[in-house]
Amino acid sequence: MRKNLDKFMNKPDTKIVNLTLTNKCNLSCTYCYEHNKEAQSMTFETAKKIIDREMSANDGSNFMCLYYFGGEPYLEFELIKKIHAYMQSRQWEKGWFGFSTTNGTLVHGEIQEWLKENSSSMEVYLSLDGDREMQNINRSNSYDMIDLEFFKKEFPFAKMTVSKETLPKLAKGAIELHEKGFQVSANLGYGVKWSDESLEVLAQQLKILMDYYLAHPEIKVANILDLAIMDMQPGAAVPKRFCGVGPMMKSYDIDGEVYPCHAFAPLCIGKELAEKAKKIDFSCPVDPRNLDEKCRNCPVVGVCPTCYGINMGMSGNIYHICDDHCKMMKIQFLANAMFKYRQYEMGLLELNEQEECRLLQNIKAVQNLAL
């Protein structure tokens, strides 16, 4: 399960540092938002300078989540080993832990052994988009290239991205992963163009998935049905940011240039927009005047899953959310509100009186969402 990331990620004194080790990837996924892949990789000297700087920085952090990122990071396995060995060789004042996400196709033999040997300081998460058919549609016919038994035993966490083509099997794919023993993170693909027909399909699939979780309350619910309904602040004058981008997150490109997060790097949005992204101040509150009109008075604005980097790449505006994505998120929130209420009715939620009141108020606010 995803134990350490959840344990460290949301603490106020933890910072997240992404190292983009390579722009290369051995797959060509249908929904990939990294549009500027080149055959370039980070050097060990560049990585070492970044680590020295971040681990000694007087920035209010006392713990660092170090992400080995790509492209496909395990194309640079030797570099990962060198960086990780360097982290282990020093007595740092800050704590740290290593993470990576992988398509899994290269994680065999020596890489598996190394991951097992370093499991006390390293976790890896598998991008796996459902059953064999779904994976092969989205991710270059790669299902049979992955050692699922290894991940199931050692790192049973699957990151499932839903495309327009695999949406009709969303529930089946998530359920199959659960039945195989995986914890599931499921999300709609960012930048995907959704049709009006997709709205009804999504609602149907979430209903099937909802019934499955209610029949199996022992299974950890995938985030697609676990949105932050409780954290909503309908009518707040200053909405909070959904994602963690800000002073405690940095993403280093292969050349050592730093960006607010990996989605703002040239790999994703090109050099011109990436340079503009460096100047954005994410330490200040969201100014509602910068939001789309459709977002300003939306009750879920502060908890609606959005990617500022992908928004910028598509429109030049970090706060502009495409109308088709907005409609899909409304369907998702309506399903989440219904699911939370059914959990509440069945006594599956442990809430005090104040939390119960907030939940019911927020569910009512979600029910007013208009497509």
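The values are calculated or read from the model by the stated rules, or taken from the named source; none is laboratory data. Note that the structure is a prediction, hence the values are computed from the model and not measured. Using ideal geometry, Cβ is built from the backbone for each residue, glycine included, and neighbour counts are taken over all protein chains shown.
Which of the residues spanning region 104-133 are of a type in the set (D, E, K, R) and either under 22 Å from Met160 (Cα atoms) or not in a helix (DSSP H, G or I) (or both)?
Restricting attention to region 104-133, the residues satisfying the condition of being of a type in the set (D, E, K, R) are 110, 113, 116-117, 123, 129, 131-133.
Once the filter is applied, which keeps residues that are of a type in the set (D, E, K, R) and either under 22 Å from Met160 (Cα atoms) or not in a helix (DSSP H, G or I) (or both), region 104-133 yields Glu123, Asp129, Asp131, Arg132, Glu133.
So which residues in region 172-228 are surrounded by fewer than 21 Cβ atoms within 10 Å (Cβ to Cβ), more than 29 Å from Val124 (Cα to Cα) and in contact with an Asp or Glu (Cβ under 7 Å, 6 or more places away or on another chain), if there are any at all?
Passing the criteria: only Lys193.
Name the residue, out of Thr105, Thr46, Thr22, that is surrounded by 14 or more Cβ atoms within 10 Å (Cβ to Cβ), in contact with a strand residue (DSSP E or B) (Cβ under 6 Å, 6 or more places away or on another chain) and of a type in the set (Val, Ile, Thr).
Only one candidate passes the filter, namely Thr22.
Name the residues in region 307-331 that are surrounded by fewer than 21 Cβ atoms within 10 Å (Cβ to Cβ) and polar (S, T, N, Q), would you?
Of everything in region 307-331, those that are surrounded by fewer than 21 Cβ atoms within 10 Å (Cβ to Cβ) and polar (S, T, N, Q) turn out to be Ser315, Asn317.
Against the definition (loosely packed, with under 14 Cβ neighbours inside 10 Å, closer than 28 Å to Ala57 by Cα and of a type outside the set (Gly, Ala, Ser)), how does Lys250 come out, yes or no? Outline the logic, then answer.
Values: loosely packed, with under 14 Cβ neighbours inside 10 Å: no; closer than 28 Å to Ala57 by Cα: yes; of a type outside the set (Gly, Ala, Ser): yes.
In short, no.
The rows are residues; the columns are (1) basic (Lys, Arg); (2) free of Cβ contacts under 8 Å to residues at least 12 places away in the same chain.
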{"site": "Phe242", "(1), (2)": "no, no"}
{"site": "Gly246", "(1), (2)": "no, no"}
{"site": "Lys250", "(1), (2)": "yes, no"}
{"site": "Ile269", "(1), (2)": "no, no"}
{"site": "Lys279", "(1), (2)": "yes, yes"}
{"site": "Cys307", "(1), (2)": "no, no"}
{"site": "Phe333", "(1), (2)": "no, no"}
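When you check Lys327 against the structure, is it basic (Lys, Arg), out of contact with any strand residue (DSSP E or B) (no Cβ under 6 Å at 6 or more places or on another chain), in a helix (DSSP H, G or I) and under 20 Å from Gly235 (Cβ atoms), yes or no?
no
Looking at Val303, Val286, which is the one that is in a loop (DSSP other than H, G, I, E, B) and in contact with a helix residue (DSSP H, G or I) (Cβ under 9 Å, 6 or more places away or on another chain)?
Being in a loop (DSSP other than H, G, I, E, B) and in contact with a helix residue (DSSP H, G or I) (Cβ under 9 Å, 6 or more places away or on another chain) holds for just one of Val303, Val286, which is Val303.
Scan region 347-371 for residues that are among the hydrophobic types (A, V, I, L, M, F, W, C), in contact with a helix residue (DSSP H, G or I) (Cβ under 7 Å, 6 or more places away or on another chain) and touching a residue at least 60 places away in the same chain (Cβ under 8 Å) and jot them down.
Result: Leu359, Ile363, Val366, Leu369, Leu371.
Looking at region 172-195 only, could you name the residues that are part of a helix (DSSP H, G or I) and touching a residue at least 12 places away in the same chain (Cβ under 8 Å)?
Hits for region 172-195 are Lys172, Gly173, Ala174, Ile175, Glu176, Leu177, His178.
Which of the residues belonging to region 24-65 are among the aliphatic types (A, V, I, L, M) and in contact with a Leu (Cβ under 7 Å, 6 or more places away or on another chain)? Spell out the reasoning first.
First, the residues of region 24-65 that are among the aliphatic types (A, V, I, L, M): 27, 39, 42, 47, 50-51, 55, 57, 64.
Correct list: Met42, Ala47, Ile50.
Would you be able to say whether some residue in region 209-228 is more than 28 Å from Glu34 (Cβ to Cβ), part of a helix (DSSP H, G or I) and of a type in the set (Val, Ile, Thr)?
Taking every residue of region 209-228 in turn, none turns out to be more than 28 Å from Glu34 (Cβ to Cβ), part of a helix (DSSP H, G or I) and of a type in the set (Val, Ile, Thr).
Looking only at region 201-220, decide whether some residue is among the hydrophobic types (A, V, I, L, M, F, W, C) and without any contact (Cβ under 8 Å) to a residue 24 or more places away in the chain.
For region 201-220, residues among the hydrophobic types (A, V, I, L, M, F, W, C) and without any contact (Cβ under 8 Å) to a residue 24 or more places away in the chain: present.
Spot the failing condition for Gly71; the list is (1) touching an Asp or Glu at 6+ places or on another chain (Cβ under 8 Å); (2) buried (at least 16 other Cβ atoms within 10 Å of the Cβ); (3) modelled with pLDDT of 95 or more; (4) of a type outside the set (A, V, I, L, M, F, W, C), and only one is missed.
(3)
In region 137-171, how many are free of Cβ contacts under 8 Å to residues at least 40 places away in the same chain and among the aromatic types (Phe, Trp, Tyr)?
Here the count works out to 1.
Quick check on region 306-324: of everything there that is in a helix (DSSP H, G or I) and not polar (S, T, N, Q), which residue is nearest to Leu206 (Cα to Cα)? Spell out how you get there, then give the answer.
So the first thing to find is which residues in region 306-324 are in a helix (DSSP H, G or I), and the list is 308-315, 323-324.
From what's left, not polar (S, T, N, Q): 308-310, 312-314, 323-324.
On the way: Tyr308: 25, Gly309: 27, Ile310: 25, Met312: 29, Gly313: 29, Met314: 27, Asp323: 20, Asp324: 18 Å.
Of everything passing the filter in region 306-324, Asp324 is nearest to Leu206 (Cα to Cα).
Could you say whether any residue in region 86-94 is over 20 Å from Val17 (Cα atoms) and at pLDDT 95 or above?
For region 86-94, residues over 20 Å from Val17 (Cα atoms) and at pLDDT 95 or above: absent.
For region 290-300, which residues satisfy the criterion of being in a helix (DSSP H, G or I) and of a type in the set (A, V, I, L, M)?
none
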